[in-house]
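K.L.:
Following this message is one structure expressed as structure tokens.
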Amino acid sequence: MRIIPRHTFARLYKIPDLKGKIDYISNPQRQEHLFATYDTAVDERFWDYLAGENQKDFMASGASGKCIEAREWVIALPESFKEYDPQLLLKLFVDRFVSEYGLNCSAALHLNKAKTNYHIHMIFSERKSLDKTDVKVATRARYYDENGKYHRIKKDVLDENGNLRKGCYVIKKGETYDVNFFAPKEEFVKSSQFVADVKAMYTEMINALVKDEKEKLTVFDSNGPYLATKKIGKNNPMMDEIKADNDKRMEWNRTVDEARVSGIAEDDVIAVKKEQIDDKIVSSIRKFGNRPEKLGTILKQAIAILKDKINLNRFKEKTEIKVDLKEWNSMQQTYKKLVDIKKQIIYFDEKIEYKQKRMSELPAIGYKKFKITLIKEEAELIVKRQSKSQELGEIIKNAGYKNVSSFMKAYEKARKTVEEYSSNSETDKKESVVAKLKSYEAEAKTGKKENIHKTEER
């Protein structure tokens with residue numbers, strides 16, 4: 001049985017009510033299963049000042065909607081982490097974020113009501129504190145209207161009788177008109193790269209702390225060729241629907257594996273996914289609203305289109321390149337295993353096609369027993385074919401790679417490098433080629449690039 005890879009759940013939220021949210025996550029009277037709290041701000045008034053300054057700047061900007069006073073990470077932890085000291089565990093996760101980004105946090109460690117989800121709420125400031133409070137003193141009288149907007153001229157805040165309008169006010173020369181405790185908001189916290197980096201950071205931390213290899217996580221790339229499967233909670237009333245949805249998603253993912261081994265470029269697979277799945281889901285939601293049952297039809301059509309693309313792309317095994325490079329030889333052995341499975345899949349496809357052809361040639365009436373036999377034989381072949389398709393992912397997981405597509409990308413780059421090296425040994429020194437191969441391999445296994453200029457220590 002193939003083990004579905006577990007992906008990191010770390011989600012970023014906007015917080016419009018900072019003080020209310022902090023109280024909600026850290027107040028034992030509001031949280032039935034609260035294990036630990038931790039706040040990195042030295043000044044207990046920090047969060048009050050932050051909310052006030054964000055609201056002040058929001059009003060001055062004239063923007064519509066709600067002011068974002070802070071942001072929050074919600075991070076799911078493996079069940080086994082209940083064995084660790086909750087206070088130390090929470091501090092470990094928060095301090096890592098603070099050391100990386102220099103932003104203060106207020107955090108809490110919870111279990112949900114059903115006691116099935118051990119998780120961290122980590123609220124963080126988008127601003128850093130100023131080394132010195134910025135106090136601004138008026139060098140001349142300053143006039144403010146009913147909306148708090150500054151005016152240089154007094155008549156802009158007076159009524160027709162020359163009196164100060166209701167809600168308007170004046171700050172006299174020499175008086176303080178503004179106090180800033182914080183630098184401007186850090187722009188990077190709005191970027192997709194920040195989200196990706198934090199997920200990668202916490203995935204690495206979780207994987208370093210788990211004792212069971214089965215609990216190790218991977219970061220799912222929503223922009224890649226694969227589809228994420230959904231976690232099914234205990235006693236979930238939608239269990240059957242989610243399982244059926246996951247089965248279709250896994251079928252798509254297996255088809256992606258086949259496409260990549262067949263030599264179809266990852267960008268081409270992603271293009272099919274975007275056009276046939278992502279765009280059609282958006283279109284379906286606009287037309288019919290959020291109706292998950294329509295996803296099955298969308299996925300079925302997308303899988304058929306990708307399979308047609310595989311069939312049109314005639315599979316051709318790449319010739320073996322023999323060089324004295326253990327890194328390359330290891331990758332080549334993994335590739336050969338994938339090719340052997342691909343050949344067996346092609347064999348089953350041909351047998352299934354033959355059975356379907358025989359069935360279509362039979363007359364509509366009669367041959368009942370023969371038809372039943374053909375249907376059973378076809379069903380058995382389909383099950384065997386699916387099992388072989390699953391083996392592609394299992395081979396890659398056993399070799400330590402993230403997925404088939406990542407491996408194939410690394411293999412394709414490695415092959416090009418080795419071809420250049422074997423055709424002209426002066427193109428690159430062996431140490432340089434080895435460094436490149438290790439870089440490709442590491443990226444396919446961890447998602448991180450290594451410095452290709454770094455050679456092995458001797």
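K.L.:
Taking a 1.4 Å probe, which of Leu50, Leu164 shows the most accessible area, and what order do the others take after it?
P.N.:
Leu164, Leu50
K.L.:
For the chain, what is the accessible area per residue in Å², given a 1.4 Å probe and the full set of protein chains?
P.N.:
It amounts to 60 Å² per residue over the chain.
K.L.:
Would you mind computing the Rg to Rh ratio of segment 111-251 from its alpha-carbon coordinates, Kirkwood style for Rh?
P.N.:
For segment 111-251, the value is 1.26.
K.L.:
Can you flag which of Lys318/Lys402; Lys309/Lys438; Lys307/Lys342 are past 25 Å Cα-Cα?
P.N.:
Long pairs (Cα-Cα over 25 Å): Lys309/Lys438.
K.L.:
In terms of Cα to Cα distance under 18 Å, which aspartates and glutamates are near enough to Lys211, apart from those fewer than 8 places away along the same chain?
P.N.:
Here the aspartates and glutamates satisfying the reach criterion relative to Lys211 are Glu79, Glu83, Asp85.
K.L.:
Let me ask something else. Given N residues in the chain, what is its alpha carbon radius of gyration divided by 2.2 N^0.38 Å?
P.N.:
1.33
K.L.:
Distance from the Cα centre of segment 338-417 to that of segment 43-71, in angstrom?
P.N.:
Taking the Cα centre of each part, segment 338-417 and segment 43-71 sit 58 Å apart.
K.L.:
Test of understanding: express the Cα radius of gyration of segment 1-111 as a ratio to 2.2 N^0.38 Å, with N the residue count.
P.N.:
This ratio for segment 1-111 stands at 1.25.
K.L.:
Which of the three applies to segment 287-361, rounded, prolate or oblate, going by the alpha-carbon gyration tensor with a ≥ b ≥ c and a/c under 1.5 meaning rounded?
P.N.:
Note, shape of segment 287-361 comes out oblate.
K.L.:
Mind checking which aspartates and glutamates have their Cα closer than 18 Å to the Cα of Lys273? Skip sequence neighbours fewer than 8 apart in that chain.
P.N.:
Asp221, Asp245, Asp247, Glu251, Asp257, Glu258, Asp308
K.L.:
Something else now. Which whole-Hz couplings ³J(HN,Hα) result when phi for each residue of segment 147-157 is put into the Karplus expression 6.51 cos²θ - 1.76 cosθ + 1.60, θ = phi - 60°, listed in order with x for Gly and Pro?
P.N.:
With the stated coefficients, segment 147-157 comes to 9, x, 7, 7, 10, 7, 9, 5, 4, 5, 10 Hz.
K.L.:
Kirkwood Rh, segment 385-427, all Cα pairs: how many Å?
P.N.:
11.9 Å is the Kirkwood radius here.
K.L.:
For Glu353 and His33 in the same chain, what is the full-extension length gain: residue separation times 0.36 nm, less their Cα-Cα distance, in nm?
P.N.:
In short, 109.5 nm is gained.
K.L.:
Can you list residues whose amide H is under 5 Å from Asp178's amide H, if they're 5+ apart or on another chain and H is modeled 1.01 Å from N?
P.N.:
Placed amide hydrogens put Lys136 under 5 Å from Asp178.
K.L.:
Given C-alpha coordinates of segment 174-217, what is the ratio Rg to Rh with the Kirkwood estimate of Rh?
P.N.:
Ratio value, two decimals: 1.41.
K.L.:
Also, I was wondering about something else. Mind jotting down a quarter of the surface of the convex hull over the alpha carbons of segment 136-197, in square nanometres, one decimal?
P.N.:
Average projection, Cα convex hull of segment 136-197: 6.4 nm².
K.L.:
Report, in listed order, any pair from Lys91/Lys128; Lys21/Lys230; Lys355/Lys413; Lys56/Lys280 with a Cα-Cα distance greater than 31 Å.
P.N.:
Long pairs (Cα-Cα over 31 Å): Lys355/Lys413; Lys56/Lys280.
K.L.:
Carbon and sulfur: what percent of the chain's accessible surface (1.4 Å probe)?
P.N.:
C and S fraction of accessible area: 50 percent.
K.L.:
Give me the Kirkwood hydrodynamic radius of segment 302-421, using the inverse of the mean 1/r over all pairs of distinct Cα atoms, in Å to one decimal.
P.N.:
Result for segment 302-421, one decimal place: 16.9 Å.
K.L.:
Can you compute the helix-only [θ] at 222 nm over the chain? Use -39500 (n - 2.57) per DSSP H run of at least 4 residues, normalise by all residues, nearest 500 deg cm²/dmol.
P.N.:
Calculated mean residue ellipticity at 222 nm is -16500 deg cm²/dmol.
K.L.:
Do any trypsin sites (Lys or Arg not before Pro) in segment 229-319 lie in a DSSP loop with no more than 16 other beta carbon atoms within 10 Å, and if so, which?
P.N.:
Of the trypsin sites (Lys or Arg not before Pro), the ones in loops of segment 229-319 whose Cβ has at most 16 other Cβ atoms within 10 Å are Lys230, Lys231, Lys234, Arg314, Lys316, Lys318.
K.L.:
If you don't mind, another one. What distance in nm separates the two pseudo spin-label positions at Asp212 and Lys322, each 7 Å out from Cα along the beta-carbon direction?
P.N.:
Result for the modelled spin labels: 4.7 nm.
K.L.:
Under 14 Å from the Cα of Lys19, which aspartates and glutamates turn up, not counting those fewer than eight places away in the same chain?
P.N.:
Here the aspartates and glutamates satisfying the reach criterion relative to Lys19 are Asp39, Glu44, Asp48, Glu53, Glu69, Glu72.
K.L.:
Among 399-407, 83-91, what's the highest-first ranking by average C-beta atoms within 10 angstrom per residue?
P.N.:
Ranking the peptides 399-407, 83-91 by packing returns 399-407, 83-91.
K.L.:
Using θ = phi - 60° and the Karplus form 6.51 cos²θ - 1.76 cosθ + 1.60, what ³J(HN,Hα) does each residue of segment 119-132 get, whole Hz, x for Gly and Pro?
P.N.:
My calculation for segment 119-132 gives 8, 10, 9, 10, 8, 9, 7, 7, 10, 9, 5, 6, 5, 9 Hz in order.
K.L.:
I would also like to ask the following. So, by mean Cβ neighbours within 10 angstrom, what's the order for 181-189, 357-365 with the highest one leading?
P.N.:
Per-residue mean Cβ counts within 10 Å order the peptides as 181-189, 357-365.
K.L.:
Can you give me the pair-distance distribution of segment 339-393, C-alpha pairs, 10 Å bins, whole percents?
P.N.:
Reading the bins upward from 0: 24, 44, 22, 9, 1.
K.L.:
How fast does segment 231-363 diffuse by Stokes-Einstein, in µm²/s, taking the Kirkwood radius from C-alpha pairs at 4 °C and 1.567 mPa s?
P.N.:
In µm²/s, the coefficient is 73.
K.L.:
Would you mind checking the pairs Lys214/Lys397; Lys351/Lys376; Lys82/Lys199 and listing those with alpha carbons more than 18 angstrom apart?
P.N.:
Exceeds cut-off: Lys82/Lys199.
K.L.:
Still on this model: Can you give me the P(r) profile for segment 43-95? Cα pairs, bins 10 angstrom wide beginning at 0, each as a whole percent.
P.N.:
18, 31, 24, 20, 7
The values are calculated or read from the model by the stated rules, or taken from the named source; none is laboratory data. Because the structure is a prediction, the values reported are computed rather than measured. FYI the Cβ positions are ideal-geometry reconstructions off the backbone, even for glycines, and counts take in every protein chain you see. For accessibility, only protein heavy atoms count, side chains too; no ligands or nucleic acids. Shrake-Rupley method; radii C 1.70, N 1.55, O 1.52, S 1.80 Å.
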